[in-house]
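Worksheet for the structure shown next.
Nothing in this text is a laboratory measurement; each read-out follows from the coordinates by a stated rule. All values derive from a computational prediction rather than experimental measurement. Cβ atoms come from the backbone with ideal geometry, glycine included; neighbour counts cover every protein chain shown.
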Amino acid sequence: PLFFDGVSPSDELLPQKRALLAALGASEGAADGQWLDLKPTADQCVAMAPLLRLANLSPGDASLEEGVRRLAEALAEWRADPTALWSALQRPVGAAVEAKVAEQVLSVCEEALAALPPADELAPRAKPDQGLPGDGTAEAERARCAARVMLGERSALEACVSVWEKVRAAAAA
């Protein structure tokens with residue numbers, strides 16, 4: 001699982017953002033961040049986006065779409081409809097916010113990828129018995145399973161990086 005930092009403790013709208021999440025049924029600590037067990041699907045790769053968009057939402061952000069800017073201003077004034085704002089955060093809300101979210105996600109994913117062995121090292125270790133000394137032992141089977149798990153983690157992280165590199169490029173365009 002990966003941890004994505006949420007709302008900064010220095011965010012001037014932290015109390016409003018915490019209240020919004022609480023009104024939606026989340027725990028008070030939900031604004032602090034989110035643990036996510038990535039899978040190599042587009043839906044899973046963007047599951048953290050609404051919270052990260054909220055974390056980067058600022059009523060003074062000129063890049064926000066007009067409707068989202070009004071919702072951000074309402075949030076700042078304690079007048080935001082939690083359901084309407086959370087619904088708006090399910091999709092991109094502005095180029096600057098999407099660029100910040102993309103950078104955050106890419107940073108977390110790239111850090112996790114750097115901690116894993118390269119796929120070309122893992123692939124041979126993930127193959128079933130190959131007639132080598134030690135094959136078929138419990139230790140060899142555990143090593144094979146561990147290599148397969150790490151290949152799965154690499155696959156999920158690489159899929160997520162691919163999705164968010166496209167988002168970053170679109171936000172920069």
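Some points to look at:
- Within segment 27-38, the residues that satisfy the criterion of being in contact with a Leu (Cβ under 9 Å, 6 or more places away or on another chain) and either under 12 Å from Cys160 (Cα atoms) or surrounded by 12 or more Cβ atoms within 10 Å (Cβ to Cβ) (or both) are Ala30, Ala31, Gly33, Gln34, Leu36, Asp37, Leu38.
- Those helices (runs of 4 or more DSSP H) of segment 39-136 in which 2 or more residues are exposed (fewer than 13 other Cβ atoms within 10 Å of the Cβ), without any contact (Cβ under 8 Å) to a residue 24 or more places away in the chain and of a type outside the set (Gly, Ala, Ser) occupy 119-126.
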